[in-house]
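> I'd like to ask you about the structure that follows.
Since every read-out is calculated from the coordinates, none of them should be taken as a lab result. Since we're looking at a predicted model, the values are computed, not measured. Glycine also receives a Cβ, built like all others from the backbone with ideal geometry; neighbour counts cover every protein chain displayed.
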Amino acid sequence: MSGKSAMSQPALLLRAWIVLLVFSAGSTLLSLRGIAPDWKAAAGVAILTLAWLKARIILQRYLGLAQAPFWARGFNIGLALSCLLFLGLYLVPVML
């Protein structure tokens, strides 16, 4: 084992929950705040990025994929491709 002390499962879940709350608050603030038209694309990218990070945390910590690297990699690839598709669908009308 490395020099770092291993965190217990409840501590990891609590930390994941706190990070999810912070990311949710960030995306909520971005969506509620009046965004200038020039920054709508950047705000959309930021909100989608936060959603992607939240999904990764849920998969890793709550569904236990951190213990299954092969499956985690597959889910991360699928999630990344889905988010890229959503990003493209969002940016097409914004850029026109």
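> How high is the relative contact order of the stretch 9-95, in percent, counting Cα pairs under 8 Å that sit 6 or more residues apart? Show your work: numbers first, answer last.
Details: 42 pairs, mean separation 28.0, N = 87.
Relative contact order here is 32 percent.
> Which order do Ile58, Ile77 fall in if you start with the one that has the fewest other Cβ atoms within 10 Å?
Exposure proxy ranking, most exposed first: Ile77, Ile58.
> Identify which of the listed values of Cα Rg over 2.2 N^0.38 Å was calculated from the structure shown: (1) 1.31; (2) 1.05; (3) 1.53.
The calculated read-out lines up with (1).
> Further question on the same structure: Explain nothing, just compute: Karplus ³J(HN,Hα) = 6.51 cos²θ - 1.76 cosθ + 1.60, θ = phi - 60°, for every residue of the stretch 56-69 in order, whole Hz, x for Gly and Pro.
Per residue, the Karplus-derived 3J(HN,Hα) values read 5, 5, 4, 5, 6, 8, 7, 9, x, 6, 5, 8, 10, x Hz.
> For the chain, set up a Gaussian network in which alpha carbons nearer than 10 Å are linked by springs, and say which option among Ala36, Ala16, Ala66 fluctuates the most.
In the Gaussian network model the winner is Ala36.
> What list of ³J(HN,Hα) couplings, whole Hz, do you get for the stretch 78-95 from phi and the Karplus terms 6.51, -1.76, 1.60, once you set θ to phi - 60° and write x for glycine and proline?
Here the 3J(HN,Hα) series is x, 5, 5, 5, 5, 5, 5, 5, 4, 5, x, 5, 6, 6, 4, x, 5, 7 Hz.
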